[in-house]
Amino acid sequence: MKKNLWSTIWQFIKFSIVGVSNTLISEGVYAIAVFFRMHYLPASFLGFSLSVVNAYYWNNKYVFRQESGERRIWWKVFAKTYLAYFWGYLVTAALLVFWIDILRIAKWMEPFAAWFLVHGLERLDADFLGSILAAFLNLLITVPMNFVINKYWAFRKKEDRNGV
């Protein structure tokens, strides 16, 4: 394989590692908010907003590092990072509506919710479990999408623009 391809694969691996912390923040805030009966869309946006700050910091410092001689204006890169992840958030929101309101994923979780109910954990009802499952299914789509948008737009280097 070409060196550039290996470099991109390694970047994707590092992006995925950073993504784990983003996911823990985003999904953790989401799960807590939904657990306390916040509607899933504002809960998702709250988690998203906090995770973008984390994503910018680590992607800027670790994944798409600034090379010698390269100039970045931090607030422009932050704004582009926010916009890059915002597209992912829009996909996430649309998929949440699909999973939760159209497909009614909570129905699939009723056997699990019944088990939790028997064990005194009534807050872990089918709606809560369905919301959590929907959020994790979304990651299969949004993680690769966010990598491509960040690599080729938010953190794109000048030589990438010239085709070099």
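Taken along its three principal axes, the alpha carbon spread of segment 26-164 comes to 62, 23, 20 Å, from the longest extent down to the shortest.
Charges were assigned to the Cβ only: +1 to each Lys and Arg, -1 to each Asp and Glu. The resulting dipole of segment 3-161 about its Cα centre is roughly 960 debye. So which residue, out of 47, 130, 120, gets the largest mean-square fluctuation from a GNM of the chain using Cα contacts under 10 Å as springs? Top of the fluctuation ranking is 120.
Picking from 96, 142, 56, whose Cα lies most toward the positive end of the charge dipole for the chain (charges on Cβ: Lys, Arg +1; Asp, Glu -1)? Selected residue: 56.
Remark: segment 57-131 carries a charge dipole of roughly 600 debye about the Cα centre, counting +1 on each Lys and Arg Cβ and -1 on each Asp and Glu Cβ.
Taking Cα atoms only, the orientation of helix 74-96 departs from the longest principal axis of the chain by about 30 degrees. If the elastic network links every pair of Cα atoms under 10 Å, which of 87, 58, 75 fluctuates the most in the Gaussian network model of the chain? So, out of 87, 58, 75, the one fluctuating most is 75. Can you tell me the orientation of helix 3-35 relative to the chain, as the angle in degrees between its alpha-carbon axis and the longest Cα principal axis, to the nearest 10? Orientation of helix 3-35: about 30 degrees from the principal axis. Out of 13, 24, 119, whose Cα points farthest toward the positive end of the dipole of segment 3-161 (charges: +1 Lys, Arg; -1 Asp, Glu; placed on Cβ)? Checking the options against the dipole of segment 3-161, the answer is 13.
Values quoted throughout were computed directly from the atomic coordinates according to the rules given, and no laboratory measurement underlies them. Because the structure is predicted, anything quoted here is derived from the model rather than measured. Heads up, the Cβs are rebuilt from the backbone with ideal geometry, glycines too, and the neighbour counts pull from every protein chain shown.
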